[in-house]
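Visitor: One structure, as structure tokens, below. Some questions next.
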Amino acid sequence: MKLHANAPHGPKGRAEMVRRVLRGAATAGEVAEDFGVSERTVRKWLARYRAEGRQGLEDRSSRPHRLPTATPPAIIGRIEGLRRQRWTGIRIAGKLGLGRSTVHRILTRLGLERLRKLSPPPPVQRYERDTPGELLHLDTKKLGRIGRVGHRITGDRGRARGALAGNTSMSVSMTPRGPPTSRSCPTSEMPRPAASWAGPPRGGPGWVSASSGS
């Protein structure tokens, strides 16, 4: 657990407990009463300070010093060897007489819990060129040219068939060491119709008769 740097029971507060006792300003019982802890706690920090110095007042890990039931290193080595032969965790557990959870925990610690991690992906092969133009990538796109408005505006699908006025070719070229460049050029032309759009068709949306009155 990580305590606040100025917490009364943190390393700074423990140092103050020890300082008061060592200076003789108060007894261990009086210091314990001031800090709201037991006298045993004050004596514990005092003993740690005398044995380890200021470092003894820091928090220690709660992990035990000995693990009698820990998996031996030889068994861990066998688990890793079988895993690198692409054995599954269940098969390894059955072979070595271990629990599945134990094998999975060890494989996770080794970073081999997934079979795909046994064969890391190869490094990406990237090409490089010293000067621009050595390697050129060219894309060409054919685009239609719209000559007039379509049926979404006029409401006449028949008149919209001749809206295409030709094609345009868009070329984009790129090099590894240069910005992309684009160029547009017409590839074909279609004759435009002689009559231009004169409004919506008779009787269509937006049409108003000239003889209609209010």
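Visitor: Residue check: is E113 of a type in the set (D, E) and surrounded by 15 or more Cβ atoms within 10 Å (Cβ to Cβ)? Please lay out each step first, then the result.
Guide: Working: of a type in the set (D, E): yes; surrounded by 15 or more Cβ atoms within 10 Å (Cβ to Cβ): yes.
Yes.
Visitor: Within the stretch 119-131, is there a residue that is surrounded by 11 or more Cβ atoms within 10 Å (Cβ to Cβ) and among the aromatic types (F, W, Y)? Step through it out loud before you land on a result.
Guide: So in the stretch 119-131, the residues surrounded by 11 or more Cβ atoms within 10 Å (Cβ to Cβ) come out as 129.
Checking the rest, the ones that are also among the aromatic types (F, W, Y) come to none.
So far as the stretch 119-131 goes, no, none of its residues is surrounded by 11 or more Cβ atoms within 10 Å (Cβ to Cβ) and among the aromatic types (F, W, Y).
Visitor: For a quick check of your reading of the model, give me the residue pairs whose first member lies in the stretch 115-133 and is in a helix (DSSP H, G or I), whose second is modelled with pLDDT of 80 or more, with beta-carbon atoms closer than 7 Å and at least 6 apart or on different chains.
Guide: That search, which allows pairs on different chains as well, returns L115/R86; K117/G111; L118/R84; L118/R86; L118/L112.
Visitor: Given the residues S169, S182, which is the only one that is surrounded by 10 or more Cβ atoms within 10 Å (Cβ to Cβ), modelled with pLDDT of 75 or more and not assigned by TED's automatic domain parsing to the domain that holds R86? Before the answer, list the steps.
Guide: On the way: S182 fails: modelled with pLDDT of 75 or more.
The conditions single out S169.
Visitor: Can you tell me which of A32, A26, A51, A70 is over 30 Å from L118 (Cβ atoms) and assigned to a loop (DSSP other than H, G, I, E, B)?
Guide: On the way: A32 fails: assigned to a loop (DSSP other than H, G, I, E, B); A51 fails: assigned to a loop (DSSP other than H, G, I, E, B); A70 fails: over 30 Å from L118 (Cβ atoms).
Testing whether each residue is over 30 Å from L118 (Cβ atoms) and assigned to a loop (DSSP other than H, G, I, E, B) leaves just A26.
Visitor: Looking for something in contact (Cβ under 8 Å) with a residue 12 or more places away in the chain and surrounded by 12 or more Cβ atoms within 10 Å (Cβ to Cβ) - is there at least one such residue anywhere in the stretch 61-72? It would help to see each step written out before you state the result.
Guide: So in the stretch 61-72, the residues in contact (Cβ under 8 Å) with a residue 12 or more places away in the chain come out as 71.
Checking which are surrounded by 12 or more Cβ atoms within 10 Å (Cβ to Cβ) leaves us with 71.
Yes, that holds for at least one residue.
Visitor: Let me confirm something: among L57, L107, L82, which residue is surrounded by 15 or more Cβ atoms within 10 Å (Cβ to Cβ), closer than 30 Å to R19 by Cα, touching a helix residue (DSSP H, G or I) at 6+ places or on another chain (Cβ under 7 Å) and among the hydrophobic types (A, V, I, L, M, F, W, C)? First the steps, then the outcome.
Guide: Working: L107 fails: closer than 30 Å to R19 by Cα; L82 fails: closer than 30 Å to R19 by Cα.
Step by step, each of L57, L107, L82 is checked, and only L57 is surrounded by 15 or more Cβ atoms within 10 Å (Cβ to Cβ), closer than 30 Å to R19 by Cα, touching a helix residue (DSSP H, G or I) at 6+ places or on another chain (Cβ under 7 Å) and among the hydrophobic types (A, V, I, L, M, F, W, C).
The values are calculated or read from the model by the stated rules, or taken from the named source; none is laboratory data. All figures in this text were calculated on a predicted structure; none of them were measured in a lab. A quick note on method: Cβ atoms are made from the backbone with ideal geometry, for glycine too, and the neighbour counts reach across all protein chains shown.
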